[in-house]
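The values are calculated or read from the model by the stated rules, or taken from the named source; none is laboratory data. Computed from a predicted structure; not experimentally measured. Here the Cβ positions follow ideal geometry from the backbone for every residue, glycine too, while neighbour counts run over all protein chains shown.
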């Protein structure tokens, strides 16, 4: 598998048989995952006598270029955010990565936030159809990583986000044991080991 350019906490980077874990990464079930948000880098082993595997590391947001660190969310910009709290009428989130406002997806020119921005997703902005039947708890869970679009600069509660389009929603979901859950439809994810299913508002893959 090709290394991603950008990573969020929990992003799968590669197998531990092919790479060695470096700063900003950790190993789980013989695979290397990102521990922080930032730029992915592969470098030669610093100690070939111990291992010859290339070292994977994540550059911290504070090490990003000034232009990257100072980017602010704009209306219509796509973002990657992490769900931090669930309520009856909205979900709270923190924005981690911001794409340029003219971009149609999160790509290599996206900016990793040096400090996460506070945001909210109101129940009526979770999906485009049957809004009266939406429940926040069946759409997101705390810790989920989502792809969303900024719809308002908001107020003291932070930016307002929407996941109402098909390509928006949960992109990384984890179960209670920390295992990655795999999408099986736009509204469900599944644990491959146990077969247990959970409700989510899943983002359509590009």
Could you list, in sequence order, all residues of the stretch 165-180 that are assigned to a loop (DSSP other than H, G, I, E, B) and surrounded by fewer than 19 Cβ atoms within 10 Å (Cβ to Cβ)? 165, 166, 167, 175, 176, 177, 178, 179
Spot the failing condition for residue 199; the list is (1) in contact with a strand residue (DSSP E or B) (Cβ under 7 Å, 6 or more places away or on another chain); (2) more than 26 Å from residue 75 (Cβ to Cβ); (3) modelled with pLDDT under 90, and only one is missed. (3)
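Has the stretch 8-16 got any residue that is loosely packed, with under 15 Cβ neighbours inside 10 Å and at pLDDT 85 or above? Write out each step before concluding.
Initial filter on the stretch 8-16 (loosely packed, with under 15 Cβ neighbours inside 10 Å): 15.
Now drop any that are not at pLDDT 85 or above, which leaves 15.
There is at least one residue in the stretch 8-16 that is loosely packed, with under 15 Cβ neighbours inside 10 Å and at pLDDT 85 or above.
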Count - residues of the stretch 131-148 that are under 21 Å from residue 7 (Cβ atoms), surrounded by fewer than 19 Cβ atoms within 10 Å (Cβ to Cβ) and touching a residue at least 60 places away in the same chain (Cβ under 8 Å): 1
In the set 79, 71, 112, 75, the lone residue that is in contact with a strand residue (DSSP E or B) (Cβ under 8 Å, 6 or more places away or on another chain), exposed (fewer than 13 other Cβ atoms within 10 Å of the Cβ) and modelled with pLDDT of 65 or more is 75
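In this structure, does residue 153 turn out to be exposed (fewer than 13 other Cβ atoms within 10 Å of the Cβ), in a strand (DSSP E or B) and touching a residue at least 40 places away in the same chain (Cβ under 8 Å)? Break it down into steps so the answer makes sense when it comes.
Values: exposed (fewer than 13 other Cβ atoms within 10 Å of the Cβ): yes; in a strand (DSSP E or B): yes; touching a residue at least 40 places away in the same chain (Cβ under 8 Å): yes.
Considered against the rule, which asks whether it is exposed (fewer than 13 other Cβ atoms within 10 Å of the Cβ), in a strand (DSSP E or B) and touching a residue at least 40 places away in the same chain (Cβ under 8 Å), residue 153 comes out as yes.
Going by what's in this entry, would residue 97 be described as under 29 Å from residue 123 (Cβ atoms), modelled with pLDDT of 85 or more and in a loop (DSSP other than H, G, I, E, B)? Can you show your working first?
On the way: under 29 Å from residue 123 (Cβ atoms): yes; modelled with pLDDT of 85 or more: yes; in a loop (DSSP other than H, G, I, E, B): no.
Considered against the rule, which asks whether it is under 29 Å from residue 123 (Cβ atoms), modelled with pLDDT of 85 or more and in a loop (DSSP other than H, G, I, E, B), residue 97 comes out as no.
How many residues does the stretch 140-174 contain that are under 22 Å from residue 190 (Cβ atoms) and under 15 Å from the mean Cα position of the chain (by Cα)?
Taking the stretch 140-174 and keeping what is under 22 Å from residue 190 (Cβ atoms), we get 140-147, 163, 166-174.
Still in the running and under 15 Å from the mean Cα position of the chain (by Cα): 140-147, 163, 167-174.
Total meeting the criteria: 17.
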